[in-house]
Each structure stands twice: as structure tokens, then as C-alpha cells.
Amino acid sequence: MGYVDVVLGLQWGDEGKGRIVHYLSRDYDLVVRFQGGANAGHTVYIGGQKYVLHLIPTGILHDDVKVAIGAGVVVDPEVLKDEINFLNEMGIDVNGRWFVDPRATIVFPFHKKEDALFERKDGIGSTKRGIAPAYRDLYQRFGVRVGDIVNNKHLDRVLKKQLEFNNIILKHFGEKEIVEDDIKEWLLGFREFLAPVLRDVSLLVKDYISTGKRVLLEGAQGALLDVFFGNYPYVTSSHTVTGGALVGAGFGKEVVRRVYGVFKAYTTRVGKGPFPTELNDDTGEKIAELGEEYGATTGRRRRVGWLDIPLLRYSMWLCGVTHPLMTKLDVLEGLHMVKLATSYRINGGVYDVVTPTLYELEKVEPLYETFGPFEGIKNARKREEFAPEVKRYISKIEELIGMPVEGISTGKESDLI
Ligand code: IMP
Ligand code: MG
């Protein structure tokens with residue numbers, strides 16, 4: 001029997017999942033995205049060349065790996081087509097190597113427009129990729145799904161309902177209404193592109209593991225952006241935890257072997273929402289510059305702060321992490337002082353794990369332990385070569401999360417150590 005392993009982000013996204021999935025995926029046969037959409041930006045460096053992928057799983061960068069987009073994903077066909085073209089131009093042969101579940105939901109251009117319109121006044125910092133409006137229409141049960149492009153009768157029925165609703169919104173904002181024939185023409189323009197790759201991804205995973213193959217699930221965003229468990233409403237509109245992986249790709253828990261939880265050696269967040277360990281000083285500025293903390297999707301400067309153990313503990317619990325992985329430790333190289341939030345003070349009490357709800361996070365005071373100087377990271381080939389304070393930092397994290405950190409990344413293209 002084969003198995004499924006899952007890679008998830010444990011913070012607010014941008015933990016370096018793309019890089020980790022690329023690193024791990026040489027040992028897998030199939031890599032699957034299960035939630036979110038083109039709001040994700042997964043960056044991989046190969047031989048100095050930068051690849052940023054928003055929809056196609058980063059496993060595609062290995063020739064002998066196949067990739068799939070599961071039913072839980074919202075698919076912007078324009079982005080998907082651009083991405084496939086980009087990969088072809090880069091000399092990567094994608095032919096016969098990528099599949100899309102017919103039940104994945106279509107993101108229309110008007111979804112993106114609405115995302116921007118809702119964002120204009122008191123928004124939550126959305127990437128404006130149409131994610132929330134597309135999921136909203138799905139749950140309203142007039143979502144158009146990718147497979148509908150080969151089923152005209154069904155398409156007409158849902159599209160009519162979807163437009164009826166979306167035109168009310170567009171009209172409210174004084175925008176031009178959508179004409180059914182135009183949008184249908186736009187969608188069917190992708191029929192030739194998408195029809196050959198439609199595949200039941202749930203059964204594809206079943207076929208793979210029943211023939212002894214290995215499947216890797218590539219999460220997007222992070223556990224603290226989960227629509228149920230993040231700091232609602234400052235969340236994304238999908239399930240970013242292990243449960244979301246099972247639901248979005250389509251299988252039960254028996255086939256899951258490992259859950260890799262990826263976290264950065266510090267913390268970042270894009271968009272609005274509480275951030276207890278945020279740094280609004282020169283150190284934060286320095287980490288942002290060294291870590292190139294600019295959104296891969298929106299180019300926005302990410303907010304930066306120290307590693308937050310109470311939140312990390314919560315997201316590890318949410319995801320059932322078996323293998324924690326730490327990324328970007330090298331970014332902290334050269335800092336004289338690095339802080340680690342080990343617990344929170346809330347109303348006079350001290351807590352070592354905390355519910356990441358808006359209410360609680362806004363009134364917490366992180367309690368820190370201090371480490372430094374941080375040296376000997378970038379050139380280290382094994383952890384023994386780290387400076388003593390770096391080793392103490394890692395040991396402290398391991399002690400606080402209650403398990404060893406399975407791998408640490410110390411450079412864009414380096415192996416995990
Ligand atoms: P949306 O998913 O575009 O609706 O954005 C909702 C929130 O999630 C905003 O705060 C975004 O900045 C954040 N977000 C969405 N996708 C990502 C991601 O891939 N990395 C980091 N933050 C993200
Ligand atoms: Mg990203």
C-alpha cells in the first residue's frame with residue numbers, strides 16, 4: 001500500500017511550503033492541491049531561477065511527478081493557463097502530468113471584481129483573487145464547477161442563477177452587469193484546455209496508493225488563516241488544516257501517514273488582523289528585507305514578528321502535526337538578539353497555548369525569552385555547526401512544542417538539516 005503525506009502551513013501563510021514541497025516531492029509520485037486558489041504564491045528556486053506558482057502544485061517542477069488540483073480548490077482558468085504556458089516556456093514538459101477535479105469551482109472575473117469592491121471599504125486585506133466570492137457561490141449552490149464546461153445543460157442552469165445573484169451585487173456597486181452569453185463564451189474558451197485533464201482526483205489518489213505509490217498534499221495559506229479556526233474575519237475562505245486536506249482531495253484518515261507542519265523561524269502576516277508578536281521597529285524592517293518578505297501574489301510587504309509558540313502549539317494541535325519543519329532560519333543570521341514568545345499573559349494569568357480568536361489575541365501580552373547572537377547558520381551543513389545560542393533556540397522550541405523539529409532550512413536551495 002502507498003500512503004498520503006500532508007504539508008501544511010502553521011502560521012499565517014508564506015512559511016515556505018512551496019520550497020518544502022519541492023524538496024520533498026522527489027520522493028512522491030503525485031502532488032495534490034486541496035484548498036484555496038490563486039491567492040497562494042508558492043516560490044521555488046532551482047539553480048538560481050525563481051518559480052512562483054499560484055495554482056499548479058509545485059511538484060510539477062520534478063519531471064517524474066504528476067500533479068492534481070482537487071475538488072476543494074477554486075480555479076481561475078486564466079491563471080491556470082498562464083501558469084501552464086509559463087512552465088512550457090521554461091522548458092518543463094507538463095504534457096499528461098497535470099489533472100483537475102471536475103468538482104473544483106470556477107473563479108470568474110466578476111468574483112475578482114467583487115473581491116476588490118468589498119475590499120475597498122474596510123476590507124480584511126484580501127489578495128483580491130476572487131476566493132471568497134467563488135466559495136460563497138459554491139456554498140450558495142450555484143457555483144460553476146470545472147466539469148460543467150463539458151456539460152452544457154447543467155452549466156446553463158447554474159450560470160443563470162449565479163449571474164442573477166452576482167448582477168445584484170455589481171449593480172449595487174454601480175458596476176456593469178454581466179451578460180450571460182459573454183461570460184459563457186469566456187468560460188467555454190477554456191474547454192479545449194481543460195476537458196482533457198478532468199479527472200476524479202479522489203479516485204486518482206485511490207489508484208495511486210493501491211498500487212503502492214506515494215502522494216503528497218500541498219496546503220496553501222496557513223492554519224491561522226483557516227475559516228473556522230483562524231482570527232475570523234481576518235481569515236481566508238477555506239480549510240487550511242489537515243481536515244481540509246481530507247475533504248478537499250477526497251479520502252479518509254487511514255491513508256494519511258505523516259503531517260508535515262511548516263513554520264518560519266520568525267512570523268509574518270499579510271493583510272489585516274491581530275499579530276501579538278509583531279515588530280514595528282528596525283529589527284522588523286531588517287528581517288523583512290533579509291527574508292524578502294514581499295507577497296508572491298500581491299507584492300505587499302509582509303508584517304514581521306517573532307516566533308509565537310502559543311499560536312504554534314494551537315496550529316500543531318489543529319493539524320495533528322507529526323513532523324514539524326522550520327524554514328528561513330538563515331534570515332536571522334547576524335541578529336544580536338532574537339526573541340521567542342514562549343507564553344502569553346492574559347488578564348493576569350499565564351497561558352502556553354491560546355485560541356487564535358480575534359477577541360483573545362487582541363488583549364494578550366506575549367512573554368519572551370531572549371537568545372543571541374545568531375551566527376553560523378548559512379554555511380552550516382549540520383545543526384552542530386550552529387552557534388550555541390541558535391542551538392539553544394531550537395532546543396527551546398522543541399521543548400515547548402513537545403517534539404523534535406524534523407528538518408530546518410538554512411537557505412533558498414539548501415537541503416534540510
Ligand atoms: P483571501 O484569501 O485573498 O480572501 O485573503 C484573506 C486573508 O488571507 C488576507 O489577509 C490575505 O493576505 C491572506 N492570504 C491569502 N492567501 C495567502 C497566502 O497564500 N499567503 C499569505 N496570506 C494569504
Ligand atoms: Mg505565499
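Quick check: anything in the range 331-353 within 16 Å of ligand 1 (Cβ to nearest atom) and open to solvent by less than 60 Å² (accessible area, probe 1.4 Å)? Step through it out loud before you land on a result.
In the first step, residues of the range 331-353 are kept if they are within 16 Å of ligand 1 (Cβ to nearest atom); the result is none.
Within the range 331-353, none of the residues are within 16 Å of ligand 1 (Cβ to nearest atom) and open to solvent by less than 60 Å² (accessible area, probe 1.4 Å).
Only one residue in Leu53, Leu30 is within 30 Å of Arg313 (Cα to Cα), in the same structural domain as Gly243 (by TED's automatic domain parsing), within 14 Å of ligand 1 (Cβ to nearest atom) and open to solvent by less than 20 Å² (accessible area, probe 1.4 Å). Which one?
Leu53
Output yes when any residue across the range 40-50 is within 14 Å of the chain's Cα centre (by Cα), closer than 18 Å to Val227 by Cβ and surrounded by 20 or more Cβ atoms within 10 Å (Cβ to Cβ), and no when none is.
yes
Under 6 Å between Cβ atoms, at least 6 apart or on separate chains: pull out the pairs that start in the range 394-411 with a residue that is over 17 Å from Ile377 (Cα atoms) and outside any loop (DSSP other than H, G, I, E, B) and end on any residue that is at pLDDT 95 or above and open to solvent by less than 10 Å² (accessible area, probe 1.4 Å).
Listed pairs, sorted by first residue: Glu398/Val405; Leu400/Ile309.
Which of the residues spanning the range 74-94 are more than 11 Å from Leu61 (Cβ to Cβ) and in a helix (DSSP H, G or I)?
Pro77, Glu78, Val79, Leu80, Lys81, Asp82, Glu83, Ile84, Asn85, Phe86, Asn88, Glu89
For the range 336-344, state whether one or more residues are out of contact with any strand residue (DSSP E or B) (no Cβ under 6 Å at 6 or more places or on another chain), more than 17 Å from Leu290 (Cβ to Cβ) and in the same structural domain as Glu289 (by TED's automatic domain parsing).
The answer is no; no qualifying residue exists.
Has the range 30-37 got any residue that is closer than 25 Å to Ile131 by Cβ and without any contact (Cβ under 8 Å) to a residue 40 or more places away in the chain?
No; the residues of the range 30-37 include none that is closer than 25 Å to Ile131 by Cβ and without any contact (Cβ under 8 Å) to a residue 40 or more places away in the chain.
Go through the range 82-110 and report how many residues are over 26 Å from Asp27 (Cβ atoms) and touching a Leu at 6+ places or on another chain (Cβ under 9 Å).
5
What about Ile46, is it at pLDDT below 95 and among the hydrophobic types (A, V, I, L, M, F, W, C)?
On the way: at pLDDT below 95: yes; among the hydrophobic types (A, V, I, L, M, F, W, C): yes.
Answer is yes for this residue.
Is at least one residue of the range 43-65 within 14 Å of ligand 2 (Cβ to nearest atom), free of Cβ contacts under 8 Å to residues at least 12 places away in the same chain and not in a loop (DSSP other than H, G, I, E, B)?
yes
Name the single residue, out of those in the range 1-23 being among the hydrophobic types (A, V, I, L, M, F, W, C) and open to solvent by less than 20 Å² (accessible area, probe 1.4 Å), that is farthest from Gly305 (Cα to Cα).
This residue is Val4.
From the list Gly123, Gly18, exactly one residue is modelled with pLDDT under 95, outside the structural domain of Leu203 (by TED's automatic domain parsing) and closer than 23 Å to Val270 by Cα. Which is it?
Criteria check complete, one pass: Gly123.
Could you check how many residues of the range 190-236 are away from ligand 2 (no atom under 16 Å from the Cβ), touching a helix residue (DSSP H, G or I) at 6+ places or on another chain (Cβ under 8 Å) and within 20 Å of Leu53 (Cβ to Cβ)?
The number of residues fulfilling the criteria is 7.
Filter the range 214-248 down to residues that are part of a helix (DSSP H, G or I) and either on the phi > 0 side of the Ramachandran plot or within 10 Å of the chain's Cα centre (by Cα) (or both) and give me whichever is surrounded by the fewest Cβ atoms within 10 Å (Cβ to Cβ).
Leu225
Could you pull out the residue among Thr277, Thr283, Thr322 that is more than 16 Å from ligand 2 (Cβ to nearest atom), among the hydroxyl-bearing types (Ser, Thr, Tyr), open to solvent by 10 Å² or more (accessible area, probe 1.4 Å) and under 19 Å from Tyr393 (Cα atoms)?
One residue alone meets the criteria, Thr283.
Of the residues Glu285, Glu293, which single one is without any contact (Cβ under 8 Å) to a residue 60 or more places away in the chain and not assigned by TED's automatic domain parsing to the domain that holds Asp27?
Just a single option satisfies the conditions, and that option is Glu285.
Table: residues versus (1) in contact with a helix residue (DSSP H, G or I) (Cβ under 9 Å, 6 or more places away or on another chain); (2) over 19 Å from Lys113 (Cβ atoms); (3) touching a residue at least 40 places away in the same chain (Cβ under 8 Å); (4) surrounded by 14 or more Cβ atoms within 10 Å (Cβ to Cβ).
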position: Ile149; (1), (2), (3), (4): yes, yes, yes, yes
position: Leu163; (1), (2), (3), (4): yes, no, no, yes
position: Val179; (1), (2), (3), (4): yes, no, no, no
position: Trp186; (1), (2), (3), (4): yes, no, yes, yes
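Residue by residue through the range 105-137, note down the ones that are away from ligand 2 (no atom under 16 Å from the Cβ), part of a helix (DSSP H, G or I), crowded, with 21+ Cβ neighbours inside 10 Å and not charged (D, E, K, R).
Phe110, His111, Ala132, Pro133, Ala134, Tyr135
Does the range 358-374 hold any residues that are open to solvent by less than 40 Å² (accessible area, probe 1.4 Å), in a loop (DSSP other than H, G, I, E, B) and of a type outside the set (A, V, I, L, M, F, W, C), and which are they?
Selection gives Gly372 alone.
The values are calculated or read from the model by the stated rules, or taken from the named source; none is laboratory data. Treat the numbers as computed from the prediction; the structure is a model and nothing was measured. Every residue, glycine as well, gets a Cβ built from its backbone with ideal geometry; the counts of neighbours run over all protein chains shown. When the accessible area is computed, the model is the full protein with side chains, heavy atoms only, and any ligands, DNA or RNA have been set aside. Shrake-Rupley method; radii C 1.70, N 1.55, O 1.52, S 1.80 Å.
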